[in-house]
Structure formats: C-alpha cells, structure tokens
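J.: My questions will all concern the structure given below.
The values are calculated or read from the model by the stated rules, or taken from the named source; none is laboratory data. Since the model is a prediction, treat every value here as computed from it, not as a measurement. Cβ coordinates were reconstructed from backbone atoms using ideal geometry, including for glycine residues, and neighbour counts include every protein chain displayed.
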Amino acid sequence: MRRRSRLQTEDSSIEEPFINLTPLIDVVFVVLISFMIIAPVLDIDSVDLAISGGTEKKEVQTGPISIIVHADNSIWFQGSKVSLAQLETLLKQERKKQPRAIPQLIHDRQAHFGTYQSVKNTLESIGFEQMDVILKPG
C-alpha cells in the first residue's frame, strides 16, 4: 500500500505549466479597436475608372491646360516638348492666368509610371487640386 501512495504523490507533483492568455487577448482587442477607430479617418487616394464604352474610338479633346506624356517618357506641354523643370514654370504661369482650370494629363500606356508620378507631384506642388487623366492606348 505504501508503494501506491508513493507513486501517486510523485505523479501529482508533476504539473503542466499554466499559461495565462488574458494579457494577450487584451492586447489583441486594443489593437483591433485602434484599427476600427483609425480606419475611417484615413485618406486613401482612389481613382474612379470610367465605364468602357465598347470598341468605338473617340477623339480626345484637349483642355486649356494639356500635358502629354509619350511612350518615350517625353513630356509635351501645349504642343511643345519640355523638361520637368520647364513644365513647372509653365504650369505656374498657367495657374496665374487660369486659376480654375483643370489640367489634362494624356499618358501613353507604354510610358513609365514614374513620369506620371513626377507630373502629378508637380501639379500638386503648384496648387492644382484636380487633374483629368486620359490613358492613350499604346
């Protein structure tokens, strides 16, 4: 009989480690709640795509401020080839003449995205709040 009691006491002394998950669950809830609060406040840029009108070709009408980026990433403003620095000075002059005009960016499909981003950043730095983007098929 002693042997049995001795075996039972040795087995009962081995305990499994106790892991308290309450702090982990609390942290997860705090992070979740912070994302729920911050998400509606975030300002995410989005582009609304136009509905495709089928396969018919339409003539692109240029606006009063027209910037064209060709497939070789050359920038054309009002029909003449310009550099990015020249574009900035010309756009500043146009902004003074036509403060409410919305510039049109006609971007070739084969041109790099970096060129588009540079032109967009230039327009924003000058103070234009909107621009029309027209994708030219490549």
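J.: Filter the stretch 90-115 down to residues that are of a type in the set (Asp, Glu) and within 9 Å of ASN73 (Cα to Cα), then give me how many there are.
T.: Here is the first cut: in the stretch 90-115, the ones of a type in the set (Asp, Glu) are 94, 108.
Checking which are within 9 Å of ASN73 (Cα to Cα) leaves us with 108.
Final tally of qualifying residues: 1.
J.: Just a yes or no: is a residue in the stretch 76-99 within 26 Å of the chain's Cα centre (by Cα) and among the β-branched types (Val, Ile, Thr)?
T.: No, the stretch 76-99 contains no residue that is within 26 Å of the chain's Cα centre (by Cα) and among the β-branched types (Val, Ile, Thr).
J.: Could you say which residue among ILE19, ILE25, ILE37 is outside any helix (DSSP H, G or I), at pLDDT 70 or above and either of a type outside the set (Asp, Glu) or closer than 29 Å to LYS120 by Cα (or both)?
T.: ILE19 is the lone residue from the list that is outside any helix (DSSP H, G or I), at pLDDT 70 or above and either of a type outside the set (Asp, Glu) or closer than 29 Å to LYS120 by Cα (or both).
J.: So which residues in the stretch 78-121 are surrounded by 15 or more Cβ atoms within 10 Å (Cβ to Cβ), among the hydrophobic types (A, V, I, L, M, F, W, C), touching a residue at least 24 places away in the same chain (Cβ under 8 Å) and touching a helix residue (DSSP H, G or I) at 6+ places or on another chain (Cβ under 9 Å), if there are any at all?
T.: LEU87, LEU91, LEU105, VAL119
J.: Please determine whether any residue of the stretch 61-77 is part of a loop (DSSP other than H, G, I, E, B), at pLDDT below 65 and exposed (fewer than 11 other Cβ atoms within 10 Å of the Cβ). It would help to see each step written out before you state the result.
T.: Applying the first criterion (part of a loop (DSSP other than H, G, I, E, B)) to the stretch 61-77 yields 61-65, 70-74.
The next check asks that each one be at pLDDT below 65; those that pass are 61-63.
Restricting the remaining residues to those that are exposed (fewer than 11 other Cβ atoms within 10 Å of the Cβ) gives 61.
Taking every residue of the stretch 61-77 in turn, at least one turns out to be part of a loop (DSSP other than H, G, I, E, B), at pLDDT below 65 and exposed (fewer than 11 other Cβ atoms within 10 Å of the Cβ).
J.: Another question, then. If you go through the stretch 113-133 one residue at a time, how many are at pLDDT 90 or above and not in a helix (DSSP H, G or I)?
T.: Selection size over the stretch 113-133: 0.
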